[in-house]
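Student: Structure in structure tokens, see below.
The values are calculated or read from the model by the stated rules, or taken from the named source; none is laboratory data. Treat the numbers as computed from the prediction; the structure is a model and nothing was measured. Quick reminder, even Gly has a Cβ in these numbers, built from the backbone with ideal geometry, and neighbours come from all protein chains shown.
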Amino acid sequence: MNRKKYLFPVLLAVSTGQCITSHYHDETVDYANPRHEFKSGKKTIPGHAVSRTDGSTDIYFADILEGKERLLKITTPPGVKDLHITDTYTAKTEGSDAYLVFVDVCCTDQDLFRELVLHNVGDRGKPLEILKQAGAESTKPADRITIVSLDESNIFTFSASVTTWKKEALDYVVESVHIEVGPYSKMSLPWRERSYVVFGLRQFGYPGTVLLDILTSPVQLLYLAAGPGAK
């Protein structure tokens, strides 16, 4: 038996001043986080937006969620209402141009961040130039362009904004803006990469972590007594 494999989580929890059960619980909660349904190595990707008769718009993006032929679907409702974020395997092929840009409030160029996120209805701007700065590989003029900005750099909450630009003469004007900020539980992403079985089995691990906390409590108490600067 490889003892190092099993001792590592224990030593990690103790060295960070966190009890083993608390550390295990944090990992279990994070396992259920919908953000794990997204692929890594994200980039600005094209998609398309389809207007519906009820005033809402469905926006589709491929190659962003784990799973073959799986699409990210974002619905913007009429009026000021929450976005609906889910997945689908079917989408209408016709629609206006849309682009998904991943942003990070702490690392994205602040001028670009403002151009992507901070707009009001009626603002004039140049969405094609904004997309070029965001790394879009190919863009073209269109009567309507939708830019979706998604920030999922925080492991607890996400933020999303949907800005639709409409062509007017030689300029573009913001036609609508939707913004969503909240916990990942607001995303209606089914469990595809995550497993209910694994999540359920993790619940049986808690008695073991409690026992380990009891066995290592002298070490944990010494660490706490030594203070955060202890090595």
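Student: Mind checking which residues of the range 75-113 are over 22 Å from F158 (Cβ atoms) and polar (S, T, N, Q)?
Tutor: Across the range 75-113, the qualifying residues are T90, T93, S96.
Student: While we're on this one: Hey, can you tell me all the residues within the range 33-65 that are modelled with pLDDT of 85 or more, under 13 Å from the mean Cα position of the chain (by Cα) and not in a strand (DSSP E or B)? Talk me through it step by step, then tell me what you get.
Tutor: The initial filter retains those residues of the range 33-65 that are modelled with pLDDT of 85 or more, namely 33-39, 44-65.
Still in the list and also under 13 Å from the mean Cα position of the chain (by Cα): 33-39, 64-65.
Within the range 33-65, N33, P34, R35, H36, E37, K39, I64 qualify.
Student: Now a separate question. With under 25 Å from T164 (Cβ atoms) and not hydrophobic (A, V, I, L, M, F, W, C) as the only criterion, which of S56, S22, S40 stands out? Full working, then the answer.
Tutor: Values: S22 fails: under 25 Å from T164 (Cβ atoms); S40 fails: under 25 Å from T164 (Cβ atoms).
It is S56.
Student: Which one of the conditions (1) closer than 19 Å to S51 by Cα; (2) buried (at least 19 other Cβ atoms within 10 Å of the Cβ); (3) charged (D, E, K, R) does E175 fail to meet, given that it meets all the rest?
Tutor: (2)
Student: Which number in (1) out of contact with any Gly (no Cβ under 7 Å at 6 or more places or on another chain); (2) modelled with pLDDT of 90 or more marks the one condition that S138 misses?
Tutor: (2)
Student: Being within 14 Å of the chain's Cα centre (by Cα), outside any loop (DSSP other than H, G, I, E, B) and not assigned by TED's automatic domain parsing to the domain that holds D151 narrows it down to one of D87, D30, so name that one.
Tutor: Values: D87 fails: not assigned by TED's automatic domain parsing to the domain that holds D151.
Result: D30 is the single residue among D87, D30 that is within 14 Å of the chain's Cα centre (by Cα), outside any loop (DSSP other than H, G, I, E, B) and not assigned by TED's automatic domain parsing to the domain that holds D151.
Student: If you check A142 against the conditions, is it free of Cβ contacts under 8 Å to residues at least 60 places away in the same chain, in the same structural domain as T86 (by TED's automatic domain parsing), out of contact with any strand residue (DSSP E or B) (no Cβ under 7 Å at 6 or more places or on another chain) and aliphatic (A, V, I, L, M)?
Tutor: Values: free of Cβ contacts under 8 Å to residues at least 60 places away in the same chain: yes; in the same structural domain as T86 (by TED's automatic domain parsing): yes; out of contact with any strand residue (DSSP E or B) (no Cβ under 7 Å at 6 or more places or on another chain): no; aliphatic (A, V, I, L, M): yes.
No: the conditions fail for A142.
Student: Now for a separate question. Going by what's in this entry, would D87 be described as over 29 Å from L170 (Cα atoms) and modelled with pLDDT under 95?
Tutor: Details: over 29 Å from L170 (Cα atoms): yes; modelled with pLDDT under 95: yes.
When the stated conditions are applied, D87 passes them.
Student: Do any helices (runs of 4 or more DSSP H) entirely within the range 104-214 hold 1 or more residues that are at negative phi and among the acidic types (D, E), and if so, which? Full working, then the answer.
Tutor: Numbers: elements: 110-117, 127-133, 196-202.
In the range 104-214, the matching helices (runs of 4 or more DSSP H) lie at 110-117, 127-133.
Student: Any idea which of K43, K73, K39 is in contact (Cβ under 8 Å) with a residue 40 or more places away in the chain and either of a type in the set (K, R) or surrounded by fewer than 19 Cβ atoms within 10 Å (Cβ to Cβ) (or both)? Working first, answer last.
Tutor: Details: K73 fails: in contact (Cβ under 8 Å) with a residue 40 or more places away in the chain; K39 fails: in contact (Cβ under 8 Å) with a residue 40 or more places away in the chain.
Answer to the selection: K43.
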